[in-house]
1. Looking only at the range 38-78, count how many residues are among the hydrophobic types (A, V, I, L, M, F, W, C), in contact with a Ser or Thr (Cβ under 7 Å, 6 or more places away or on another chain) and without any contact (Cβ under 8 Å) to a residue 24 or more places away in the chain.
2. Filter the range 87-111 down to residues that are surrounded by fewer than 16 Cβ atoms within 10 Å (Cβ to Cβ), touching a strand residue (DSSP E or B) at 6+ places or on another chain (Cβ under 9 Å) and either over 20 Å from residue 33 (Cβ atoms) or among the hydrophobic types (A, V, I, L, M, F, W, C) (or both), then give me how many there are.
3. Any residue in the range 51-64 that is under 19 Å from residue 103 (Cα atoms) and among the aliphatic types (A, V, I, L, M)?
4. Does the range 91-113 contain at least one residue that is over 18 Å from residue 25 (Cβ atoms), touching a Ser or Thr at 6+ places or on another chain (Cβ under 7 Å) and part of a loop (DSSP other than H, G, I, E, B)?
Amino acid sequence: QVQLVESGGGLVQAGGSLRLSCAASGIIFSISSMTWYRQVPGKQRELVAVITSGGSTNYADSVKGRFTISRDNAKNMVYLQMNSLKPEDTDVYYCGVRWWWRDYWGQGTQVTVSS
């Protein structure tokens, strides 16, 4: 079955950096577009970044120039490098994939940015 496992979250001061990782299994990773979303209870889910199978990327305006999504097809991993973090980046971050017309998400990893 499809499984996505995020890691790398934590507590960081404003201006700091974190690198999130997502391990994917149960899919043909090399042909899958991968996404990072963020959401806290009571708020709408926000698309943070997406990377296609060909390596094209797209970002939310709020993170452009600060976050970088990348992938390693040999390891079935997708990453989110987050620099210049702001308190408003505090959220639970989820890795996602659409596989056979269904959306799958991991359990999420908490990112907390203190001011």
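Read-outs: derived from the displayed coordinates by stated rules, not from any lab. Note that the structure is a prediction, hence the values are computed from the model and not measured. Please note: Cβ atoms are built from the backbone with ideal geometry, for glycine as well, and neighbour counts cover all protein chains shown.
1. Of the residues in that region, 2 qualify.
2. Residues meeting the conditions: 4.
3. Taking every residue of the range 51-64 in turn, at least one turns out to be under 19 Å from residue 103 (Cα atoms) and among the aliphatic types (A, V, I, L, M).
4. For the range 91-113, residues over 18 Å from residue 25 (Cβ atoms), touching a Ser or Thr at 6+ places or on another chain (Cβ under 7 Å) and part of a loop (DSSP other than H, G, I, E, B): absent.
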